[in-house]
Amino acid sequence: IGGEHSIPIASLRLKTIRDSLEDLEYFYLYESVAGREQAAKFAQRLATNTFNFTRNIKEVGAVRAELGQLLEERLRSSRKHAVVGNAAEEATRMESRVKQMEKTKELETLEV
């Protein structure tokens, strides 16, 4: 738009490209947690091949929302399992420290 420095200017085209790249990343993320077949089912709802695809933005938004919700549920589930796993590991470490401290106290009482 003039001036000394070239800067990208927000446009519908650039925003659409950005949204498309984010959608692709959603599919890759979903594929990593649910498998290629499940991710392909979502993709096929939007495009049957390179030339036949939906132009209905509401359908695209619905698939985005559904993928996002499924990814969030998987993330929450994995965090919950990780927290339970971490808690179990921490409990085991604490038990071993308590046993070690008890042994140390026994040794201290024996030395006195």
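Listing for the model above:
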item	result
Residue satisfying condition, being open to solvent by less than 90 Å² (accessible area, probe 1.4 Å), among the small types (Gly, Ala, Ser) and part of a helix (DSSP H, G or I), within set Ala39, Ala10	Ala39
Among the candidates Glu25, Glu31, residue that is out of contact with any strand residue (DSSP E or B) (no Cβ under 9 Å at 6 or more places or on another chain) and either outside any helix (DSSP H, G or I) or surrounded by 11 or more Cβ atoms within 10 Å (Cβ to Cβ) (or both)	Glu31
Neighbours by Cβ (under 8 Å, 6+ apart or cross-chain): first from the range 49-71, without any contact (Cβ under 8 Å) to a residue 12 or more places away in the chain and open to solvent by 60 Å² or more (accessible area, probe 1.4 Å); second assigned to a helix (DSSP H, G or I) and not hydroxyl-bearing (Ser, Thr, Tyr)	Phe53/Leu46
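The values are calculated or read from the model by the stated rules, or taken from the named source; none is laboratory data. Here the structure is a predicted model, which means the values were calculated and not measured. Positions of Cβ are backbone-derived with ideal geometry, glycine not excepted, and every protein chain shown enters the neighbour counts. Heads up: the accessible areas ignore ligands, DNA and RNA and are worked out on the full protein's heavy atoms, side chains in. Shrake-Rupley method; radii C 1.70, N 1.55, O 1.52, S 1.80 Å.
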